[in-house]
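Working notes, structure below.
The values are calculated or read from the model by the stated rules, or taken from the named source; none is laboratory data. This one's a predicted model, so the numbers in the text were calculated from it and none came from an experiment. Here Cβ is always computed from backbone atoms with ideal geometry, including for glycine, and neighbour counts include all displayed protein chains. The accessibility values were calculated without ligands, DNA or RNA, using every heavy atom of the protein model including side chains. Shrake-Rupley method; radii C 1.70, N 1.55, O 1.52, S 1.80 Å.
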Amino acid sequence: MSQRRKFIKQSLMGSALFIPGITAIAEAKTPGLFKGEKPLILSTWNHGLPANAAAVKKLKAGGNIVDAVETGVRDTELDMNNLSVGLQGLPDREGITTLDASIMSGDGSCGSVAFVRQVKHPITLARMVMENTPHVMLAGEGARQFAIAQGMPMEKEELSPKAKEAYEKWKVTSKYKPIINIENHDTIGMIGMDANGNLAGSCTTSGLAYKMHGRVGDSPIIGAGLFVDNEVGAATATGLGESIIRICGSFLIVELMRQGRTPQEACEEAVKRLISKNKNISDIQAGFLAINKEGEVGAYAVHPGFNYAKATLTSNDLIDSRSHFNP
Ligand code: SD4
């Protein structure tokens, strides 16, 4: 863009701040006009459809955007068919299911729990960390004790029938190898924007199946599995947590958007970075989902197969993401 055109554009933007009726431009603090629909809820994978529906219902009932992203993924935490989220998820090598979750609002407030046992709704525990403690992250037994202190019931430690069957099968060979398929990557990451442009996100998982006891993935790491900034946008991740932590994936995407990339460009750049920093990429699946303040959406994965659900007040659609190995 020529300097003159840039100047005219900036002048128009500046004057827009004072014209009644187009305050949305001033609120957005970013130079583009709003291109999407508000409110907007996005979540990873097929189970994003019912999760989005629960989030939208919460918004319609008067909940705020943090309420919506918490309520949405609580639905997935109870989904007995999902073997990567909630206490019905596949266990670690020792046969114990441990959960990771995080929640963040666009003002920078955030909370997370990692390696927690016996808690049915780790996302709600993460929100309690955010709202009721001076900390951001609680792990393991400390997180469990905090849940008890907050009045959460402790669930019995027994595998769901599906998880038990899968674990017994796995024990025959006991090989740990992350596999690229939809069944092994079912974490839910949800990002949303309310009617005023406020953002929030949530992420919850039982992590990788048959992980080492004590292993923590990207989902509870603010900046890796989830990052939200009201000034710019939000991003969330799914897939092999180690590969995502290595590049601080969600933070990277938000920062790329801050520098002017679209959500799609930012997700593609993050995947490129992830590929460059991880060996044996043919065995690694990871996918990113992002939104910016203009309501534009981006999604990209290393391998084909990643999809996400996108909901407004009147629609809820499943969309196939593009990927590096099948653009
Ligand atoms: C993890 N990112 O713990 C999670 C796994 C995942 O769908 O996304 N599963 O590494």
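Here Ile222 clears all of (1) β-branched (Val, Ile, Thr); (2) modelled with pLDDT under 95; (3) open to solvent by 20 Å² or more (accessible area, probe 1.4 Å) except the condition numbered (2). A residue that is open to solvent by 40 Å² or more (accessible area, probe 1.4 Å), under 20 Å from Glu37 (Cβ atoms), under 15 Å from the mean Cα position of the chain (by Cα) and away from the ligand (no atom under 16 Å from the Cβ) cannot be found anywhere in region 260-270. The set of residues in region 295-309 being open to solvent by 10 Å² or more (accessible area, probe 1.4 Å) and among the hydrophobic types (A, V, I, L, M, F, W, C) consists of Val297 alone. Looking at region 230-327, the strands (runs of 3 or more DSSP E) lying wholly inside it that each contain 2 or more residues that are among the polar types (S, T, N, Q) sit at 233-239. Filter region 136-176 for residues that are of a type in the set (Asp, Glu), touching a residue at least 60 places away in the same chain (Cβ under 8 Å) and open to solvent by 50 Å² or more (accessible area, probe 1.4 Å) and give the result. Hit for region 136-176 is Glu157, nothing else.
Conditions (1) of a type in the set (Lys, Arg); (2) surrounded by fewer than 21 Cβ atoms within 10 Å (Cβ to Cβ); (3) within 15 Å of the ligand (Cβ to nearest atom), marked per residue:
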| position | (1), (2), (3) |
| --- | --- |
| Val73 | no, no, yes |
| Asp79 | no, yes, yes |
| Arg93 | yes, yes, yes |
| Ser112 | no, no, yes |
| Ala126 | no, no, yes |
| Asn132 | no, yes, no |
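Consider region 96-109 and keep the residues that are in contact (Cβ under 8 Å) with a residue 60 or more places away in the chain and open to solvent by 20 Å² or more (accessible area, probe 1.4 Å). The one that is nearest to Thr205 (Cα to Cα) is Ile96.
Counting only helices (runs of 4 or more DSSP H) that fall entirely inside region 117-227 and contain at least 1 residues that are closer than 19 Å to Met80 by Cα, the qualifying elements are 122-132, 161-173. Restricted to region 242-258, and to residues that are among the β-branched types (Val, Ile, Thr) and open to solvent by less than 10 Å² (accessible area, probe 1.4 Å), which residue is farthest from the ligand (Cβ to nearest atom)? Ranking the candidates gives Val254 first.
The residue list Gly239, Gly214 contains one member that is near the ligand (Cβ under 9 Å from one of its atoms), farther than 23 Å from Met193 by Cα and open to solvent by less than 40 Å² (accessible area, probe 1.4 Å), which is Gly239.
In this entry, Gly197 passes the filter for residues that are within 23 Å of Ala68 (Cβ to Cβ), touching a residue at least 24 places away in the same chain (Cβ under 8 Å) and either surrounded by fewer than 24 Cβ atoms within 10 Å (Cβ to Cβ) or more than 14 Å from the ligand (Cβ to nearest atom) (or both). Scanning region 271-294 for residues that are among the polar types (S, T, N, Q) and open to solvent by 30 Å² or more (accessible area, probe 1.4 Å), we see that the one that is modelled with the highest pLDDT is Ser276.
Of all residue pairs spaced 6 or more apart or on separate chains, those with beta-carbon atoms under 8 Å, a first member in region 214-226 that is within 17 Å of Met257 (Cα to Cα) and a second member that is within 11 Å of the ligand (Cβ to nearest atom) and open to solvent by 40 Å² or more (accessible area, probe 1.4 Å) are Ala224/Ile245.
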